[in-house]
Amino acid sequence: MNRFVCIHGHFYQPPRENPWLDEVEVQDSAYPYHDWNERVTAECYARNAAARILDNNRRIIDIVNNYSKISFNFGPTLLSWMQIKSPEIYAAVLEADRVSQKQFSGHGSALAQVYNHMIMPLANTRDKRTQIIWGIKDFESRFKRKPEGMWLAETAVDLETLDLMAEQGIKFTILAPRQAKRIKQGDQEMLWRDVSVAKVDPRVPYRCYLPSGRQMAIFFYDGPIAQGVAFEGLLNNGEQFARRLTEDFSATNPQPQMVHIATDGETYGHHHKFGDMALAYCLHYIESNQLADLTIYGEFLEKCPPINEVEILENSSWSCVHGVERWRSDCGCSTGGQPGWNQKWRAPLRSALDWLRAQIDPLYEAQMKMYTPDPWAVRDRYIEVILDRSEQNMAKFLQSITGRSLREDEKTQILKLLEMQTNGMFMYTSCGWFFNEISGIETVQILKYAARSIQLARDVASIGLEDGFITRLEEAVSNIPELKDGANIYRTMVKPSVVDLTRVAAHYAMTSLFEKYPAVTDMYSYTVKSEQYDLKEAGRLKLAVGRATVKSKDTLEYASICFAVLHLGDHNFIGGVDYLKGDEFTKMRTQMTNAFLESDIPSVIGFIKDYFKYHNYSLWHLFKQEQQQILNQVLGSTMDDIETSFRQIFDHHYPLMQIKNEISLPLPRMLMTVVEFILNRDISNVLEAEDVDINRFKQLVDEMKRWSFKRDHANFSFLASQRISTLMKRFSDHPDNIQLMEKIIIILELLAQLSLDLDLWEAQNTYFAMGRKIYPDIQSQAGTDELAGHWVKFFEHLGGILQVNITVPVAVTKA
């Protein structure tokens, strides 16, 4: 068969980690998930690792790993997060690439990506090279092979970038059809043909000759079909999707043809719910009906090397019809917003970052030349440390680049210089310009990388760059009047995130009032070693005084820091940290402890202010995650008081409220608020309990049905889905526990009465696996074993509720 189909998914999220902590903090807009990485993983990345094939009754009959049958790339920074936070899905992605090599003639589905999604035509040559090398090295460390292809951020391209990719062994990339300028067909035809208005034939690859004499194969994806998938509802029906792909072959061309598309991978499940299922069924339908052979770019390139030559349209991209203006000007491309909004802030934002880069690059080069003759080659190698930050690996790296033993301060200096450069590249992550407003989380994120670079520049060379940077940000005017401009956004949204060793010590001191730490504890990207620690309590009052060594895992910088923190109850904290000498610390500890034990709190506060004049801290200096946890803990007693009062009202007036409700008389709003609060709270408590109280749950469901009020559907659905998943995993570990299976059935039937939007994905996966491994054996015993028959009856009933059919083989159906 000479008809091939390839679907490429570009799976990517911008790096979201706090650059001082190497951790993604809570993002409220992703509720009920912790952050957007977690949410998109649940809605898309996980779904495609276990996508469903349905029968004619819309029941699951097969679960497949979509990644093994498509071409894909994952952003390296996303994979680094996933490796730690979602290891099962990370493993499924890697396994898919291994499986695909068996299916596609030794070629793997995975492509590399330029490291942190920088718009390459707007980058300087050094940054382009590092982005490519880091992307390749990251890929090799994960997929254990060399990448054949590389994805360019936003498919933004120029010849220099392609040349640098070819220099590093990359064979091909994927571009949008409008990025082809002109083509020359075969060796015989000498005339070039203009294809700049998306007239390029996307069914064959092209050869692009580069300034160095190297060449790059380029695939131009089918624009109309990709548009249909992303924006025109083509994912509403998997069969329709398959037919649209396979109808695009040329009937008159006997040569091998490949219809292929490229879209954001998040299209399949996040942007379009159930898009993962449509993709799975599309692939299944093409294969089972032999409409075409599924392939990937590496395999097709080997079978059908390009015979046509292409010239690209430089400084172009797939998401900006104006080239690459979306990332440097108010070109009109945006994601919407309020009437009258503009993106004039883009140009001064880039100008400010370019100015900052122009300061830190020569600083880096001059400082690093004291340790190595080729500073930029060292930066290219720094990915070795990013991938493994163990002190052993760091020592090996530092030894290899300097060829000598280094003092501790020299190690820290080198690592700070490299971290300054890393953040200097991360501040160009494309998402900072993509959206409609400079105060969006993506733009604030790149400003945090800039702030980290500024801090490190001050550390390594005592150079102050912040004032100059802020001045330039004043030109980047926000669309939200009260936010003013980039300078104000930097001061209010970025500066509070800045962390140094003293702030880590303050965080440790305050959180130690609520959590007992071991002698050495990890605190995000730092370690804290306690040298001395005293905790005194008097009723609601607490005082912690101590000294600890705080050390950065990234730069190996460390210091012994003294601290004292007084908790007055509720949200009231007064604390300080500083570099006190031994005698001074001993004196402070004695004075403060004695005053506290004598209940002389004003003197304790006075000592904190005297000893820690310039390093005072409060609750607002805690890192966001712990700040939220402690506030919830502090507010817990207040919520308990409110619940007690509301419950008394509810119990005392319930008969009257019930009568009014039954005769359809409206309750006063205040009483309805009490009903809402109590019933929502009770349902949540039942669902959060390790062992669900079935009788209580039945009562609450009946009670809920009696009242017409706003239910906390999002929270209920989230909690209920988690509880069902947990119970199913427990059942999988103990499949002979019929009582547990019956309990799960009862809970699911009760939840159905609340009309919740349950996410049963994990539960269905567990059930499907049991259906393949355990069910056949027990079913074979059902005719002669009454208990086995009972088990099979309940298991099939559970499958009906979960919409999983394990009793029939895979069949063709619509999805």
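The values are calculated or read from the model by the stated rules, or taken from the named source; none is laboratory data. This structure is a prediction, so every number in the text was calculated from the model and none was measured. Glycine also receives a Cβ, built like all others from the backbone with ideal geometry; neighbour counts cover every protein chain displayed. Surface accessibility is based on the protein's heavy atoms, side chains included, excluding ligands, DNA and RNA. Shrake-Rupley method; radii C 1.70, N 1.55, O 1.52, S 1.80 Å.
What the table shows:
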item: Matching residues, region 575-590, being assigned to a helix (DSSP H, G or I) and surrounded by fewer than 19 Cβ atoms within 10 Å (Cβ to Cβ); result: Gly582, Asp583, Glu584, Thr586, Lys587, Thr590
item: Hits in region 536-552 - residues which are farther than 15 Å from Val565 by Cβ and open to solvent by 40 Å² or more (accessible area, probe 1.4 Å); result: Gly539, Lys551
item: Candidate set from region 11-50 (those that are open to solvent by 10 Å² or more (accessible area, probe 1.4 Å) and touching a Gly at 6+ places or on another chain (Cβ under 6 Å)); member that is farthest from Arg452 (Cα to Cα); result: Arg47
item: Residue, most open to solvent (accessible area, probe 1.4 Å), within region 1-10, restricted to residues that are touching a helix residue (DSSP H, G or I) at 6+ places or on another chain (Cβ under 8 Å) and of a type outside the set (A, V, I, L, M); result: Arg3
item: Every residue from region 208-234 that is in contact (Cβ under 8 Å) with a residue 12 or more places away in the chain, out of contact with any Cys (no Cβ under 9 Å at 6 or more places or on another chain) and among the small types (Gly, Ala, Ser); result: Ser212, Gly223, Ala226, Gly228, Ala230
item: Filter result (touching a residue at least 40 places away in the same chain (Cβ under 8 Å), open to solvent by 10 Å² or more (accessible area, probe 1.4 Å) and out of contact with any Phe, Trp or Tyr (no Cβ under 9 Å at 6 or more places or on another chain)) within region 140-157; result: Ser141, Phe143
item: Residue tally, condition over 17 Å from Arg706 (Cα atoms) and either touching a residue at least 60 places away in the same chain (Cβ under 8 Å) or open to solvent by 100 Å² or more (accessible area, probe 1.4 Å) (or both), over region 642-668; result: 2
item: Where a residue in region 270-292 is closer than 21 Å to Pro256 by Cα and its partner, wherever it lies, is assigned to a loop (DSSP other than H, G, I, E, B) and among the β-branched types (Val, Ile, Thr), with Cβ under 6 Å and at least six apart; result: Ser288/Val812
item: Every pair of residues 6+ apart whose Cβ atoms lie under 6 Å, when the first sits in region 610-626 and is closer than 20 Å to Asp28 by Cβ and in contact (Cβ under 8 Å) with a residue 40 or more places away in the chain while the second is assigned to a strand (DSSP E or B) and of a type in the set (Gly, Ala, Ser); result: none
item: Residue count, region 768-809 (criterion: among the polar types (S, T, N, Q) and touching a helix residue (DSSP H, G or I) at 6+ places or on another chain (Cβ under 6 Å)); result: 2
item: Residues (in contact with a Ser or Thr (Cβ under 9 Å, 6 or more places away or on another chain) and part of a strand (DSSP E or B)) located in region 171-207; result: Thr173, Ile174, Leu175, Ala180, Lys181, Arg182
item: Residue under evaluation Glu474, criteria (1) surrounded by fewer than 21 Cβ atoms within 10 Å (Cβ to Cβ); (2) farther than 30 Å from Ser329 by Cβ; (3) touching a strand residue (DSSP E or B) at 6+ places or on another chain (Cβ under 7 Å), criterion not met; result: (2)
item: Selected residue (only one of Gln338, Gln367 is among the polar types (S, T, N, Q) and over 25 Å from Ile414 (Cβ atoms)); result: Gln338
item: Flag if Ile53 is β-branched (Val, Ile, Thr) and either part of a strand (DSSP E or B) or open to solvent by 20 Å² or more (accessible area, probe 1.4 Å) (or both); result: yes
item: Scan of region 188-246 for residues that are within 24 Å of Ala292 (Cα to Cα), modelled with pLDDT of 95 or more and among the small types (Gly, Ala, Ser), ordered by number; result: Ala217, Gly223, Ala226, Gly228, Gly238, Ala242
item: Contacts under 8 angstrom Cβ, first residue in region 335-350 being closer than 16 Å to Ile446 by Cα, partner of a type in the set (Lys, Arg) and surrounded by 14 or more Cβ atoms within 10 Å (Cβ to Cβ), 6 or more apart; result: Arg346/Arg326; Arg346/Arg328; Ala347/Arg328; Pro348/Arg472; Arg350/Arg328
item: Some residue of region 565-577 being of a type in the set (D, E, K, R) and closer than 30 Å to Val26 by Cα; result: yes
item: Residue within region 763-777 that is closer than 30 Å to Glu676 by Cβ, modelled with pLDDT of 90 or more and within 28 Å of the chain's Cα centre (by Cα) present; result: yes
item: Complete set of residues in region 153-187 that are at pLDDT below 95 and of a type in the set (S, T, N, Q); result: Gln185
item: Members of region 244-265 that are open to solvent by 20 Å² or more (accessible area, probe 1.4 Å) and in contact with a Leu (Cβ under 8 Å, 6 or more places away or on another chain); result: Arg244
item: Some residue of region 709-728 being part of a loop (DSSP other than H, G, I, E, B), basic (Lys, Arg) and over 30 Å from the mean Cα position of the chain (by Cα); result: yes
item: Hits in region 729-748 - residues which are touching a residue at least 24 places away in the same chain (Cβ under 8 Å), in a helix (DSSP H, G or I) and open to solvent by less than 80 Å² (accessible area, probe 1.4 Å); result: Phe731, Ser732, Ile738, Met741, Glu742, Lys743, Ile744, Ile745, Ile746, Ile747, Leu748
item: Search result, residues across region 393-438 that are open to solvent by less than 40 Å² (accessible area, probe 1.4 Å) and among the hydroxyl-bearing types (Ser, Thr, Tyr); result: Thr402, Thr412, Thr422, Tyr428, Thr429, Ser430
item: Any hit, region 56-64, residues being open to solvent by less than 20 Å² (accessible area, probe 1.4 Å), outside any helix (DSSP H, G or I) and within 19 Å of Leu294 (Cα to Cα); result: no
